[in-house]
Structures are given as C-alpha cells and as structure tokens.
Amino acid sequence: MLEGLLITLQVAAYSAVLGLAGGILLALGRLSANPFAALADPADPDSWADLRRLVGGGGIAALAGVLTPPDGWETVGSVPGVQLVDTSLRAEPAPEAVRLGPRDVPEILGLIELTKPGPFLPGTVELGTYLGIRHRGRLIAMAGGRLRPPGWTEISAVCTHPDHRGAGLATRLVRAVAAGIRERGDVPFLHTAASSTTAIRLYESIGFTLRRRPSFMAVRAPGNTAANFS
C-alpha cells in the first residue's frame, strides 16, 4: 500500500514538475531557428564564433550547461537545472510497454502537447528507444532515451495522460527504459528543474543521485542579421 502511494506521488511530481521545466525549455527552444545547439568547448572563442555562423547575427540558440556567454552575446532566458544519474535504480522490463516509432508520431505529439514534458519534435523518436503504454488502443504514457554522450543515455519525455495518472505508469516506463540503457552498457541519467525539490527527492528515492547542476539558456548572437535556413 505504501509503495502504491509512493508511485502515485512520483507520477504526480513527474507530470507537474517536468511539465513546468519542459515547458520553459520548449519556449527557449522555440526562440531559435534550431531547437538546441552544443558547443565543442564553451571556453574557446572559436566555438562561439562557429555558433554565430550557424545561427547568424542576431540569431538565437538554446544551450545547456553554459553559465556565462562571452561579451556581445545576450542571455534571452535561462532555467537552472539538475542532472541526476542512476546509481541504484531497480531497472526492469515493463511487459505491457511497446516500442514507439515514426508511425506513432501523431499520437506522441498529441500526448506531448497535452503533458508538456519538454522539447519533442517529429524526428525525436528516431534518436533513441521510446516506449509507450496503451489503454484500449490509445497511447496514455511514454518515456524514452534521447541524448547519448559516450557511455551515457538520457531518459526523456516521461509523461502520462492526465486521465491515467496515479497508476505508476511513469515509474514502470522509467525502469523499463533504464533496463534497455543498461543492457547496452550505458548509464541512465535525466534532467529536471533545480527548484523541483520534491521531484528531486522522489528521483533519489528510486535510485537516482544528483550529479551536477547545469543551466539551460537561450542566447542571442551579436549582430542584427540572422542566418537564412530556407
């Protein structure tokens, strides 16, 4: 009974907190011509020069982990975040979960729009393994692996339809996605907002440990003429 209560609280926190952080990140991403970008070395002026050439003068890029952009760059918005890594999660398959693919994109985008877990574009499903749970043929919950730096895989897009929250679906999917990540020899990790202390405690209670505190931000390049991506 206590475990069921904990799972219910977990799902509520996943939905509310990730929806808040994800909505902010999505708003930052929509400010730029490309949803997100990365710098080879934030301390290297050449990396910033490359980014400016990519987005154009006055263009906006969404970045993670960069706290202070160089002179001439404007910070449009920022969200302090946390990164948690799996250290003792009970990873296990979810027999009811199905693999999601390109044919499921319309349903996926509908669920993403409803729950706001974070940025998710039509091609995101091809970046990793996304699992879903259906009820009477309708997709009601999902989670998957997205970013894959060497040796690591990010768990993302954890969401549950409002009509089906409280059943532990998000927890089961997180465990199932983590099981697949471990089978490849990678370590699962995830992100959430630094202000989401309740969610952080719940993630830690199921086996995640705080690793670092990245900042998610949108920055505007120096100059007035944005690049033409047509």
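The values are calculated or read from the model by the stated rules, or taken from the named source; none is laboratory data. Keep in mind the model is a prediction, meaning the values are calculated, not measured. All Cβ positions, even for glycine, are placed from backbone atoms using ideal geometry, and neighbour counts span all protein chains on display. For accessibility, only protein heavy atoms count, side chains too; no ligands or nucleic acids. Shrake-Rupley method; radii C 1.70, N 1.55, O 1.52, S 1.80 Å.
Observations, loosely collected:
- Failed condition for Pro119, given (1) closer than 16 Å to Pro93 by Cβ; (2) modelled with pLDDT under 95: (1)
- Which listed residue is in contact with a strand residue (DSSP E or B) (Cβ under 6 Å, 6 or more places away or on another chain) and closer than 22 Å to Ala91 by Cα, from Ala170, Ala194: Ala170
- Put simply, of Thr160, Thr115, Thr129, Thr87 the only residue that is of a type in the set (Val, Ile, Thr), touching a residue at least 60 places away in the same chain (Cβ under 8 Å) and open to solvent by 20 Å² or more (accessible area, probe 1.4 Å) is Thr87.
Conditions (1) of a type outside the set (S, T, N, Q); (2) open to solvent by 70 Å² or more (accessible area, probe 1.4 Å); (3) modelled with pLDDT of 70 or more; (4) part of a loop (DSSP other than H, G, I, E, B), marked per residue:
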{"site": "Phe36", "(1), (2), (3), (4)": "yes, yes, yes, yes"}
{"site": "Gly58", "(1), (2), (3), (4)": "yes, no, yes, yes"}
{"site": "Leu63", "(1), (2), (3), (4)": "yes, no, yes, no"}
{"site": "Gly77", "(1), (2), (3), (4)": "yes, no, yes, no"}
{"site": "Gln83", "(1), (2), (3), (4)": "no, no, yes, no"}
{"site": "Pro93", "(1), (2), (3), (4)": "yes, yes, yes, yes"}
